[in-house]
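Below is one structure, written out as structure tokens; the observations come after it.
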Amino acid sequence: KILARDIVRWIKEGLLKREQARRGSRESRGRDYFHAREVDGCPLAAYLRRLDFPEESHDRFRYCHLAELGNFLEHLVLDAGRATTDQLTIRQQRHAKSTRVGGVEVTIVGRSDACLEGDGGIEVKSVSSEEFSELRSRRDVDLNRPAHLAQCLTYCYLTDSPQWFLLYVDRNDARYRCFEIK
């Protein structure tokens, strides 16, 4: 007999398997470069990822589900924009730039959500309704989401672009807000 808890368990296990398969298809996590998303993050976590330490989380399936939902919304929003303009060009473009910091050669890498014809690009973030309501102005982004700001500024650096756009999507209510990051 199938129970309701079996269905929940199947979903959790399926999300974890999908995440493990996705990680298995990538290169080893031990590396000597920084991702754009790590620029304003926890330095210790970035360091441990470079040493290939496993990440532990008691709520791992929830984060997998939110990541899947975020990826779906990103594709939905960008495909809709692409259907009405030819300004959206390359999606999931890889960027890299090497530099010397304190006498050490480092490489900063990132994969932007979308590039725009000419200069700049778009970074899409799906957020809860509560988070969305906190982000009414560009200053709110500076105060409440400094990591998102740092990621966009890193893309500006990696692409030598003067601007990037940070597009927030309310994953509960399908509302949108877009901020120009210079």
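The values are calculated or read from the model by the stated rules, or taken from the named source; none is laboratory data. Being a predicted model, the structure only gives us computed values, none of them experimental. Positions of Cβ are generated from backbone atoms using ideal geometry, with glycine treated the same way; all protein chains shown enter the neighbour counts. Ligands, DNA and RNA are excluded from the accessible area calculation, which covers all protein heavy atoms including side chains. Shrake-Rupley method; radii C 1.70, N 1.55, O 1.52, S 1.80 Å.
Per residue, how many Å² of accessible area does region 64-153 show with a 1.4 Å probe?
Working: 4800 Å² over 90 residues.
Accessible area per residue, region 64-153: 53 Å².
Which value results for Rg/Rh of region 67-137 when Rg is the Cα radius of gyration and Rh the Kirkwood radius based on the inverse mean 1/r?
Here the Rg-to-Rh quotient is 1.09.
Just the number, please: carbon plus sulfur as a percent of the accessible area of region 119-182, 1.4 Å probe, no ligands or DNA/RNA counted.
About 46 percent, which is the carbon plus sulfur part of the accessible surface.
Separation of region 149-182 and region 87-148 by C-alpha centroid, Å?
First find each Cα centre; the distance between them is then 5 Å.
For Arg5 and Arg82 in the same chain, what is the full-extension length gain: residue separation times 0.36 nm, less their Cα-Cα distance, in nm? Numbers along the way, then the final one.
Numbers: separation 77, 0.36 × 77 = 27.72 nm, distance 4.08 nm.
Gain in length upon complete extension: 23.6 nm.
What does the charge add up to near Leu116, with Lys and Arg as +1, Asp and Glu as -1, over the other residues with Cβ less than 13 Å from its Cβ?
Cβ neighbours under 13 Å give a net charge of -4.
Grab the other residues whose beta carbon is less than 10 angstrom from that of Thr159, score K and R as +1, D and E as -1, and report the net.
-1
If you count the DSSP beta bridges with both ends in region 53-182, what percent of them are antiparallel, to the nearest 5? Don't jump to the answer; show the numbers that get you there.
On the way: 19 of 25 bridges.
Taking every DSSP beta bridge within region 53-182, about 75 percent pair in antiparallel fashion.
How large are Rg and Dmax for region 117-159 when only the alpha carbon atoms are used, in Å?
In Å, with Rg to one decimal and Dmax whole: 11.6, 34.
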